[in-house]
Amino acid sequence: MKITNDIIYVGVNDHDVDLFEGHYIVPEGMAYNSYVIKDGKTAVMDSVDAHFADEWIGKVKEAAGSPDYFIVQHMEPDHSGSIKEFMKAFPETTIVSSQKAFNMMANFFEGESYEDRRLVVKEGDTLEIGSHTLTFVTAPMVHWPEVIMTYDAKDKVLFSADAFGRFGALDVIGETNEEDDDWACEARRYYFGIVGKYGIQTQAVLKKAAGLDIKIICALHGPVLVKDLGYHLGLYDTWSKYEPESQGVVIAYTSVYGNTKKAVEMLAEKLEAKGVPEVVVTDLARSDMAEAVEDAFRYDTVVFATTTFNNGIFPFMREFIESLTERSFQNKRVAFIENGSWAPQAAKVMKGMLEGSKNMTYCDNDLRILSALNDESRAKLEALAEELAAAYK
Ligand code: FEO
């Protein structure tokens with residue numbers, strides 16, 4: 001794929017990965033993007049996962065011959081995995097990266113950090129390769145500390161490392177966002193799963209990006225963004241400020257024998273009947289946890305429903321809440337449903353786990369179920385539904 005007259009896509013698609021980053025299901029596969037910039041001199045942007053080294057190096061040779069510069073923006077192995085093979089295949093190439101990335105290279109590659117073939121760059125440094133001048137922008141913790149992004153002022157392209165990435169192989173989702181009609185869904189799951197903890201750092205990068213004239217974003221995953229950049233930048237702004245993106249209630253639950261589930265289903269029906277814009281119900285034991293996390297960050301209200309278990313809460317709910325709080329969960333309206341047959345305390349435990357979350361509004365009508373719903377708890381459930389729905393009227 002030719003992105004501009006001088007910029008060529010040389011990335012690869014992975015349909016074999018079972019869990020991306022050892023963690024995330026990727027039903028549409030995964031892309032490891034890499035780019036060649038051809039000018040008086042030639043630069044290659046990032047490598048790919050080690051399993052695709054030969055395929056990628058073949059593409060680089062075809063597009064660039066023998067490149068002059070190899071720019072490494074990020075050292076996570078989905079991008080750094082083929083660096084060694086590249087440096088062997090192209091012995092004349094200079095590797096360009098941040099000092100922190102070279103330190104990581106030594107750790108990954110048994111002391112090898114290419115001291116005699118390298119150019120260390122920092123914030124604001126530039127590299128002229130002919131008519132293109134590349135400016136390096138540091139982006140610490142988006143998503144590792146060594147990350148740099150690269151701006152090409154001639155074609156107005158931001159090479160954004162992991163930022164603006166999305167799960168999905170490009171031969172499934174499309175090579176550019178002109179073909180990809182569902183970018184936000186898998187970009188959101190990717191963002192909150194992988195970068196979500198680092199909202200402050202993402203905001204810092206967005207502020208730097210605001211000072212650049214950007215026409216195209218080339219991320220390390222997902223399609224090349226060639227249109228509607230305001231939409232994509234706007235979503236990143238919302239996500240990294242931890243602002244709710246959509247109005248609606250997520251009900252995340254666990255249920256052992258179906259009694260908590262029955263209450264959750266009844267609540268969902270009532271909320272829909274009362275006109276709540278969207279109601280999303282997630283069984284945490286049987287759903288993709290990353291999708292549940294994404295939804296909890298997306299919507300303005302979350303109902304946590306679980307059983308008391310081992311004097312605490314059911315394990316899938318514990319994992320869910322920990323996945324939220326370790327990603328700086330905040331700015332939500334929250335309600336609890338607890339179930340317990342002799343000493344219910346799940347609501348207290350869940351509220352305690354959310355103690356450090358900022359700007360939370362707790363509903364007045366939390367629901368306690370003693371084993372199974374009865375007339376009294378059904379009346380309380382109605383009161384909770386009324387309270388939740390009132391906010392959207
Ligand atoms: Fe795509 Fe942080 O690696």
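The values are calculated or read from the model by the stated rules, or taken from the named source; none is laboratory data. A quick note: this is a predicted structure, and the numbers were derived from the prediction, not measured. Backbone-built Cβ (ideal geometry, glycine too); neighbour counts: all protein chains shown. These area figures cover heavy atoms from the full protein model, side chains too; ligands, DNA and RNA do not enter into them. Shrake-Rupley method; radii C 1.70, N 1.55, O 1.52, S 1.80 Å.
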Next item on the list: Only Cα pairs under 8 Å and at least 6 apart count here; give the relative contact order of the chain as a rounded whole percent.
Entry: 11 percent
Notebook entry, point to check: What Kirkwood radius, in Å to one decimal, follows from the Cα pairs of segment 165-224?
Noted result: 12.5 Å
Next item on the list: Can you spot the aspartates and glutamates whose alpha carbon is less than 16 Å from K156's alpha carbon? Ignore those fewer than 8 places along the same chain.
Entry: D6, D39, E128, D213, D228
Note to self: Translational diffusion coefficient of segment 227-335 at 25 °C, 0.890 mPa s, Stokes-Einstein with Kirkwood Rh over Cα pairs, in µm²/s as a whole number.
What the structure shows: 166 µm²/s
Notebook entry, point to check: For G312, what charge total do you get from the other residues with a beta carbon under 14 Å from its beta carbon, if Lys and Arg give +1 and Asp and Glu give -1?
Noted result: 0
Next item on the list: Would you mind pulling out the separation of the Cα centroids of segment 316-350 and segment 171-219, in Å?
Entry: 30 Å
Next item on the list: With θ set to phi - 60°, apply the Karplus curve 6.51 cos²θ - 1.76 cosθ + 1.60 along segment 121-128 and write out the HN-Hα couplings as whole Hz, x wherever there is a Gly or Pro.
Entry: 10, 9, 3, x, 5, 10, 9, 8
Check: So how exposed is Y299, as accessible area in Å² (1.4 Å probe, rounded to 10)?
Finding: 10 Å²
Checklist line | Share, in percent, of DSSP beta bridges within the chain that are antiparallel, nearest 5 | finding: 40 percent
Next item on the list: Leaving ligands, DNA and RNA out of it, rank R166, R318 by accessible area with a 1.4 Å probe, largest first.
Entry: R318, R166
Checklist line | Expected-Rg normalisation [2.2 N^0.38 Å, Cα atoms] applied to segment 1-126 | finding: 1.04
Check: Could you sort H232, H23, H51 by accessible area so the largest value comes first, with the probe set to 1.4 Å?
Finding: H51, H23, H232
Next item on the list: With all protein chains present, calculate the accessible area of T126 using a 1.4 Å probe and round the result to the nearest 10 Å².
Entry: 90 Å²
Notebook entry, point to check: What pairs in K59/K207; K88/K227; K241/K262; K41/K154; K261/K358 have C-alpha atoms more than 26 Å from each other?
Noted result: K59/K207; K88/K227; K241/K262; K261/K358
Notebook entry, point to check: Using a 1.4 angstrom probe and counting only protein chains, how large is the accessible area of D125 in Å², to 10?
Noted result: 40 Å²
Margin query: Accessible area per residue for the chain in Å², computed with a 1.4 Å probe and the full protein assembly in place, what is it?
Written below: 41 Å²
Notebook entry, point to check: Roughly what % antiparallel, to the nearest 5, for the DSSP beta bridges in segment 261-393?
Noted result: 15 percent
Next item on the list: Would you mind checking the radius of gyration and Dmax of segment 281-393 based on alpha-carbon positions, in Å?
Entry: 13.7, 40
Next item on the list: Would you mind estimating how fast segment 104-200 diffuses translationally, via Stokes-Einstein at 25 °C and 0.890 mPa s with the Kirkwood radius over Cα pairs, in µm²/s?
Entry: 155 µm²/s
Next item on the list: Determine the share of the chain's accessible area contributed by carbon and sulfur atoms, expressed in whole percent, with a 1.4 angstrom probe.
Entry: 48 percent
Check: What size of dipole, in debye to the nearest 20, comes out for the chain about its Cα centre when the only charges are +1 on Lys and Arg C-beta atoms and -1 on Asp and Glu C-beta atoms?
Finding: 1140 debye
Check: Looking at segment 33-119, which chymotrypsin sites (Phe, Trp or Tyr not before Pro) are in a loop (DSSP not H, G, I, E or B) and have at most 14 other Cβ atoms within 10 Å?
Finding: F109
Next item on the list: Divide by every residue of the chain the summed helix terms, -39500 (n - 2.57) for each DSSP H run of at least 4, and state the resulting mean residue ellipticity at 222 nm, rounded to the nearest 500 deg cm²/dmol.
Entry: -9500 deg cm²/dmol
Notebook entry, point to check: Looking at the chain from every direction and averaging, what is the projected area of its Cα convex hull in nm²?
Noted result: 20.4 nm²
Note to self: Output the 0 to 90 degree angle, nearest 10, between the alpha-carbon long axis of helix 289-298 and the longest principal axis computed from the alpha carbons of the chain.
What the structure shows: 80 degrees
Checklist line | Relative contact order, percent, segment 249-388 [alpha-carbon distance under 8 Å, six or more residues apart] | finding: 26 percent
Item checked: Reduced Cα scattering model of segment 317-378, Debye log10 I(q)/I(0), q = 0.28 Å⁻¹ -> -1.21
Note to self: Rg/Rh for segment 7-240 to two decimals, with Rh computed the Kirkwood way over all alpha-carbon pairs.
What the structure shows: 0.93
Note to self: Return the Rg/Rh ratio of segment 233-283 with Cα-based radii and a Kirkwood Rh.
What the structure shows: 1.13
Notebook entry, point to check: Where does helix 53-64 land angle-wise versus the long Cα axis of the chain, in degrees 0 to 90, nearest 10?
Noted result: 50 degrees
